[in-house]
Amino acid sequence: MSRKLRGSVWLSISYVLLAVIGVFSVYPALWVVLSSFRTGNSLFSETLFPTAFTLEHYANLFSKYDFALWYTNTLKIALTTTVIGTVLTLLPGYAFSIFRFTGRKTMMSTLMVLGLFPGFMSMIAIFILLNLLNLLNTHLAVILVYAAGAPLFFLFAKSYFDTIPKSLVEAARIDGAGHLSIFFRIVMPLSTPLIVYTALSIFAGSFTDFLFAKLVLRTPETKTLAVGLFDMISSRQSTDFTSFAAGCVLIAVPITFLFILLQRLLTEGLTAGAEKG
């Protein structure tokens, strides 16, 4: 009985801790969402729920600011980066998983160490390089830098490819398939969870990034959502915080929708029974 009692106590404590963590995690997001429907310009309120609801702040984003342009720029950068970054992540992971060559472990260790350093450490060097290439204030510069940083997470791809039965690859080679044919026609269909995870991670990172976009993009027509929303409230005279909250809600919509839509693919074991038949 004492052992069962201790188990019940620890289980109750775990549920309480999870509930507290959940409240601390959900409350700020809920406050921002409700503030976007609150009348006035201040985020401060004595009550959690607004006394009156309005959609005026969402309309102001498109009438007073270039929010549609910011959204278009951000989607263009994020989608392009996702496609390029996913390919650049999966190809090295496949190569390190399948092939054995001189310097393989050294290259893996080097890339792993480079991935440990925070990205902002290289911002000055990247800024100077982009300036020399006349790429400052262009979306191409942002896409190239975002996509170039994606392969540093190749280890996730390699670990997944290690679980795919090597007999499938060997059988395809015996049938005369080339490396690219094996990669795209055999390995990729079995790697849907990996592709979804990689693509969502890259998309979310590039869609919400602020530091590098603020460093490179200077003119109003090149701004992204993060830069535009920051500039909206950065001056001392800016008090439109409820419109800022509405913008934050609209930023969260595509990412939340994608995670809800694709979460099933993250858990599917597509390699189960691949060798049968």
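The values are calculated or read from the model by the stated rules, or taken from the named source; none is laboratory data. In this text, all values refer to a predicted model and were calculated from it rather than measured experimentally. Cβ: placed from backbone, ideal geometry, glycine included. Neighbour counts: every protein chain shown. Ligands, DNA and RNA are excluded from the accessible area calculation, which covers all protein heavy atoms including side chains. Shrake-Rupley method; radii C 1.70, N 1.55, O 1.52, S 1.80 Å.
Quick notes on this structure:
- Ellipticity estimate at 222 nm from DSSP helix runs (n ≥ 4, -39,500 (n - 2.57)) divided over the chain, nearest 500: -22000 deg cm²/dmol
- Packing, taken as the mean count of other beta carbons within 10 Å per residue, orders the peptides 19-32, 179-192, 205-218 from highest to lowest as 205-218, 179-192, 19-32.
- Based on Cα contacts under 8 Å between residues 6+ apart, region 60-272 shows a relative contact order of 34 percent.
- Solvent-accessible area, 1.4 Å probe, carbon plus sulfur percent, for region 60-272: 71 percent
- Separation in nanometres of the label points that stand 7 Å from Cα toward Cβ, at Leu265 and Leu18: 2.8 nm
- In summary, the lysines within cross-link reach of Lys166, defined as a Cα separation below 21 angstrom excluding same-chain residues under 8 places away, comprise Lys105, Lys158, Lys276.
- For region 60-272, size of Cβ-based charge dipole, Lys and Arg +1, Asp and Glu -1, in debye: 360 debye
- C-alpha center-to-center spacing [region 1-49, region 215-232] in angstrom: 33 Å
- Taking the empirical scaling 2.2 N^0.38 Å for compact globular proteins as reference, region 192-255 has a Cα radius of gyration ratio of 1.32.
- Helix 241-267 axis, angle to the chain major axis (alpha carbon atoms, nearest 10°): 20 degrees
- Axis angle, to the nearest 10 degrees, between helix 123-132 and the longest C-alpha principal axis of the chain: 80 degrees.
- Cα gyration tensor shape of the chain, rounded if a/c is under 1.5, else prolate or oblate by comparing a/b with b/c: oblate
- Simple rule: put +1 on each Lys or Arg Cβ and -1 on each Asp or Glu Cβ in the chain, find the dipole, and look at Leu30, Pro220, Phe49; the Cα lying farthest toward the positive end is Leu30.
- Tail beyond 16 Å, pair distance distribution of region 1-90 (Cα, percent): 74 percent
- Accessible carbon and sulfur surface of region 1-56 relative to its total accessible area, %, 1.4 Å: 74 percent
- Mean Cβ neighbour count within 10 Å, used as a protection proxy, ranking 140-151, 57-68 highest first: 140-151, 57-68
- In region 92-138, chymotrypsin sites (Phe, Trp or Tyr not before Pro) in a DSSP loop with at most 16 other beta-carbon atoms within 10 Å: Phe99, Phe101
- The slack in the chain from Glu46 to Leu133, taken as 0.36 nm per residue of separation less the alpha-carbon distance, amounts to 26.1 nm.
- If you plug the beta carbon distance of Ala59 and Ala29 into 1/(1 + (r/R0)^6) with R0 = 35 Å, you get a FRET efficiency near 0.95.
- Cα long-axis angle, helix 2-35 against the chain (0 to 90 degrees, to the nearest 10): 60 degrees
- Solvent-accessible heavy-atom area per residue, rounded to whole Å², over the chain at 1.4 Å: 60 Å²
- Longest segment of the chain lacking GluC sites (Glu not before Pro) that sit in a DSSP loop with at most 11 other Cβ atoms within 10 Å: 47-267
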